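**Student:** Got a structure for you, written out below as structure tokens; questions coming shortly.
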Amino acid sequence: MNEKKQLDILIPVFNEKETIVKTLKNILSTVKCDFRILICYDYEEDPTLKIIKKIFSNNPKIVFIKNFSSGFNNALVSGFKNSTAEAVLFYMADDHINHDIINLCYEKYKEGYQIVCPSRFIKGGEMIGNPFFKALLTRLASFFLYNFTSFPIKDATNSFRLFTRELIDKVEIESNKGFTLSLELTAKAHRFNYKIIEIPTTWIERGKGQSRFRLISFILPYAKWLFYIIKTSIFYRNEK
């Protein structure tokens, strides 16, 4: 695992079952750079692992990472600890439509952007099928941060992002639950004045598998980074 790749794609899994097969086939047939897929899992008995090993037997691009603790956030942190690539991308196990823009994400990174943010809320982007309150909170948080702070992106809460290795090595990760790690890293990149760009993406709420989203886990952890971004906008704005 010491060979340095151009891109590590982190995919947290939790009882995905057959959902993961199409996701992996799409990525393996589409992505052009030198990459690995890190499958970050909670427990050895997860049926997702058996399916992957059967369908993609001994594929060198697929690496299995046992999470140090359960949960989506800890899966990403576990992926970080085992990643050696120059860039790292978060990808959802049930996303069957956005594999085509992974190449664009990496191209933007090579152009000099240190954070690449696929966005549901810019022209060409779309969010489909989300539960009402989840969609409402997502849109409100993103609207507030973009319009009333110096945060430069319109889709604050999307976890699907590419990050430079430099940022991952530089910051201390504080998020330990929920889905806030992607927002934390982007918020800290914003404070450090890293180059950030949005590209359009479409997200369709999962129809199979087991979602980990819980309303209370959405609100409280995100509030910390909302105030962090507000503080950056007030006290660090002259450094931008």
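**Student:** Residues to consider are Ser57, Ser69; find the one that is among the hydroxyl-bearing types (Ser, Thr, Tyr), at pLDDT below 95 and in contact with an Asp or Glu (Cβ under 9 Å, 6 or more places away or on another chain).
**Tutor:** On the way: Ser57 fails: in contact with an Asp or Glu (Cβ under 9 Å, 6 or more places away or on another chain).
Answer to the check: Ser69.
**Student:** What's the number of the condition Arg165 fails, among (1) surrounded by fewer than 21 Cβ atoms within 10 Å (Cβ to Cβ); (2) within 16 Å of Asn73 (Cα to Cα)?
**Tutor:** Going through (1) surrounded by fewer than 21 Cβ atoms within 10 Å (Cβ to Cβ); (2) within 16 Å of Asn73 (Cα to Cα) one by one, Arg165 breaks only (2).
**Student:** In the range 49-67, what residues are out of contact with any Gly (no Cβ under 9 Å at 6 or more places or on another chain) and in a loop (DSSP other than H, G, I, E, B)? Give the derivation first.
**Tutor:** At the first step, the residues of the range 49-67 found to be out of contact with any Gly (no Cβ under 9 Å at 6 or more places or on another chain) are 49-64, 66.
Within the range 49-67, Phe56, Ser57, Asn58, Asn59, Pro60, Lys61 qualify.
**Student:** Within the set of pairs 6+ apart or on separate chains, which have a first residue in the range 118-132 that is farther than 16 Å from Leu104 by Cα, a second that is of a type in the set (Ser, Thr, Tyr) and assigned to a strand (DSSP E or B), and C-beta atoms under 8 Å apart?
**Tutor:** That search, which allows pairs on different chains as well, returns Glu126/Thr202; Met127/Thr202; Ile128/Thr202.
**Student:** Can you name the residue in the range 27-48 that is part of a helix (DSSP H, G or I) and crowded, with 18+ Cβ neighbours inside 10 Å and is also farthest from the chain's Cα centre (by Cα) among such residues? Quick ask: steps written out before the conclusion?
**Tutor:** Restricting attention to the range 27-48, the residues satisfying the condition of being part of a helix (DSSP H, G or I) are 27-30, 47-48.
From what is left, the residues that are crowded, with 18+ Cβ neighbours inside 10 Å are 27, 48.
Working: Ile27: 15, Thr48: 20 Å.
The qualifying residue farthest from the chain's Cα centre (by Cα) is Thr48.
**Student:** Let me ask something additional. What number of residues in the range 15-55 are within 19 Å of Leu89 (Cβ to Cβ) and not polar (S, T, N, Q)?
**Tutor:** Qualifying residue count, the range 15-55: 19.
**Student:** Would you check which residues across the range 49-63 are surrounded by 12 or more Cβ atoms within 10 Å (Cβ to Cβ) and more than 18 Å from Glu18 (Cβ to Cβ) and list them?
**Tutor:** Of everything in the range 49-63, those that are surrounded by 12 or more Cβ atoms within 10 Å (Cβ to Cβ) and more than 18 Å from Glu18 (Cβ to Cβ) turn out to be Lys61, Val63.
**Student:** Is one or more of the residues making up the range 147-167 within 25 Å of Leu104 (Cα to Cα), part of a helix (DSSP H, G or I) and without any contact (Cβ under 8 Å) to a residue 12 or more places away in the chain?
**Tutor:** Within the range 147-167, none of the residues are within 25 Å of Leu104 (Cα to Cα), part of a helix (DSSP H, G or I) and without any contact (Cβ under 8 Å) to a residue 12 or more places away in the chain.
**Student:** Pull out all pairs, ordered by first then second residue, where Cβ-Cβ is under 6 Å, the residues are six or more apart or on different chains, the first lies in the range 194-210 and is modelled with pLDDT of 80 or more, and the second is surrounded by fewer than 17 Cβ atoms within 10 Å (Cβ to Cβ) and part of a strand (DSSP E or B).
**Tutor:** Thr202/Glu126; Ile204/Ile128
**Student:** Right, next: Pick from Leu140, Leu76, Leu89: which is touching a strand residue (DSSP E or B) at 6+ places or on another chain (Cβ under 7 Å), assigned to a helix (DSSP H, G or I) and either on the phi > 0 side of the Ramachandran plot or of a type in the set (A, V, I, L, M, F, W, C) (or both)? Outline the logic, then answer.
**Tutor:** Numbers: Leu140 fails: touching a strand residue (DSSP E or B) at 6+ places or on another chain (Cβ under 7 Å); Leu89 fails: assigned to a helix (DSSP H, G or I).
Result of the check over Leu140, Leu76, Leu89: Leu76.
**Student:** Mind listing whichever residues of the range 113-135 are surrounded by 15 or more Cβ atoms within 10 Å (Cβ to Cβ) and assigned to a strand (DSSP E or B)?
**Tutor:** Hits for the range 113-135 are Ile115, Val116, Cys117, Pro118, Ser119, Met127.
**Student:** I need the full set of residues from the range 93-111 which are out of contact with any helix residue (DSSP H, G or I) (no Cβ under 8 Å at 6 or more places or on another chain), touching a residue at least 12 places away in the same chain (Cβ under 8 Å) and not in a helix (DSSP H, G or I), in order please. Give the steps one after another, and end with the answer.
**Tutor:** Our first condition is that a residue be out of contact with any helix residue (DSSP H, G or I) (no Cβ under 8 Å at 6 or more places or on another chain); within the range 93-111, this holds for 97-98, 101, 104-111.
Subset that is touching a residue at least 12 places away in the same chain (Cβ under 8 Å): 97-98, 101, 104-106, 108-109.
Answer for the range 93-111, where residues must be out of contact with any helix residue (DSSP H, G or I) (no Cβ under 8 Å at 6 or more places or on another chain), touching a residue at least 12 places away in the same chain (Cβ under 8 Å) and not in a helix (DSSP H, G or I): Ile97, Asn98.
**Student:** Would a scan of the range 91-112 turn up a residue that is over 15 Å from Phe160 (Cβ atoms), modelled with pLDDT under 95 and surrounded by fewer than 15 Cβ atoms within 10 Å (Cβ to Cβ)? Please lay out each step first, then the result.
**Tutor:** Looking only at the range 91-112, we keep the residues that are over 15 Å from Phe160 (Cβ atoms), and these are 107, 110-112.
Cutting the leftovers down to modelled with pLDDT under 95 gives us none.
No; the residues of the range 91-112 include none that is over 15 Å from Phe160 (Cβ atoms), modelled with pLDDT under 95 and surrounded by fewer than 15 Cβ atoms within 10 Å (Cβ to Cβ).
**Student:** Give the residue, chosen from Lys61, Lys22, that is closer than 12 Å to Asp8 by Cα and of a type in the set (Lys, Arg). Can you show your working first?
**Tutor:** Numbers: Lys22 fails: closer than 12 Å to Asp8 by Cα.
The conditions single out Lys61.
**Student:** Now a separate question. Is it fair to say Ser119 is closer than 21 Å to Tyr91 by Cα, of a type in the set (Gly, Ala, Ser) and at pLDDT below 95? Show your work before the answer.
**Tutor:** Numbers: closer than 21 Å to Tyr91 by Cα: yes; of a type in the set (Gly, Ala, Ser): yes; at pLDDT below 95: no.
No; evaluated as a whole, the condition is false for this residue.
**Student:** When the residues of the range 211-240 are filtered to those that are basic (Lys, Arg) and under 18 Å from Leu181 (Cβ atoms), which remaining residue is modelled with the highest pLDDT?
**Tutor:** Applying the first criterion (basic (Lys, Arg)) to the range 211-240 yields 212, 214, 224, 231, 237, 240.
Next cut, under 18 Å from Leu181 (Cβ atoms) only: 212, 214, 224.
Working: Arg212: 51, Arg214: 55, Lys224: 91.
Ranking the candidates gives Lys224 first.
The values are calculated or read from the model by the stated rules, or taken from the named source; none is laboratory data. Predicted model only: the values in this text are computed from it and were never measured. We place every Cβ from the backbone using ideal geometry, glycine too, and count neighbours over all the protein chains shown.
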